[in-house]
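Read the structure below first, then the notes.
A short reminder: the numbers here are calculations on the coordinates, not readings from a lab. Quick caveat: nothing in here was measured; it's all calculated off a predicted structure. Note: ideal-geometry Cβ built from the backbone for every residue, glycine included; neighbour counts use all protein chains shown.
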Amino acid sequence: MHKLLKEVVKVYTQFQKLGPSYLDIFDNRAITEATFEAVKTKQLQEYIKKEFKPIGDISMLPIHLEPEHRFTIAMFALKPGVRMPLHDHPNMFVLSHVMNGIGERESWDIDPCDIHQQIEFRKNKGDSRILKAIQQPKLQLKEGDNCYTTPNKCNLHKFSNSHDQELFIFLDVILPHYNGVDRVIKFYQPISENQLELMGNPKTYQRHPINVDDIREFIVQ
């Protein structure tokens, strides 16, 4: 985990110097390799496959929460057939590494001409808006696969569990994290391939945090 944290700090430091555009263009190979190494222990894999018990449809397992919302490393587990709601990561980078099962990632980007709608929505909460959007190719994911979210590429995404029996589990490296000010999560409902409805927090969406002190010992230090 030390190697992964070191790489995340490097990227975050450059983000602070150069701004969100850096997260679209930096070479992500080092942080990807460090993520793979951090979760490859046999003990962790056995725990996930044999002992882990989810709470609710979507479970969140925080591994590392950096102060001041600088970055977060967390695992997410989706029960069979469950779909996450479509949501965004404003000015954020997310590396998602699949640890168990099979799933699908759907992603969109807001048409530049409608970016102002997102800003106005943040100021006037409660009124839904229809936005022009560009749907990206769907990704079919399996254990060991990675996918990425950046400020201007696949920034809106949702994951779904494609299996009817197994959990779909993935690790997210998120930097910077939501801060409730200029990085606030927003939810969307697809209407067509090029239109989304920007709306409030879905009432059916609940993440269930799990204490993972027993998992941390399995992660490479």
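Details
- Cross-link pairs beyond the 27 Å C-alpha cut-off, checked among 40/142; 3/138; 3/142: 3/138
- Vicinal HN-Hα couplings computed from phi for region 181-187 (Karplus, 6.51 cos²θ - 1.76 cosθ + 1.60; Hz; Gly/Pro x): 10, 9, 10, 10, 5, 10, 10
- Residue 22 versus residue 53: modelled label distance in nm, points set 7 Å from Cα along the beta carbon direction: 4.4
- Average projection area in nm² (convex hull over Cα atoms of region 134-173, one quarter of hull surface): 3.4
- Backbone HN-Hα couplings from phi across region 29-45 [Karplus 6.51/-1.76/1.60, Hz, Gly and Pro as x]: 5, 5, 5, 5, 4, 5, 5, 4, 5, 5, 10, 8, 5, 4, 5, 5, 4
- D by Stokes-Einstein for region 1-107, Kirkwood Rh over Cα pairs, 25 °C, 0.890 mPa s: 157 µm²/s.
- Model label points for residue 64 and residue 134, set 7 angstrom from Cα along the Cα-to-Cβ axis, are 3.3 nm apart.
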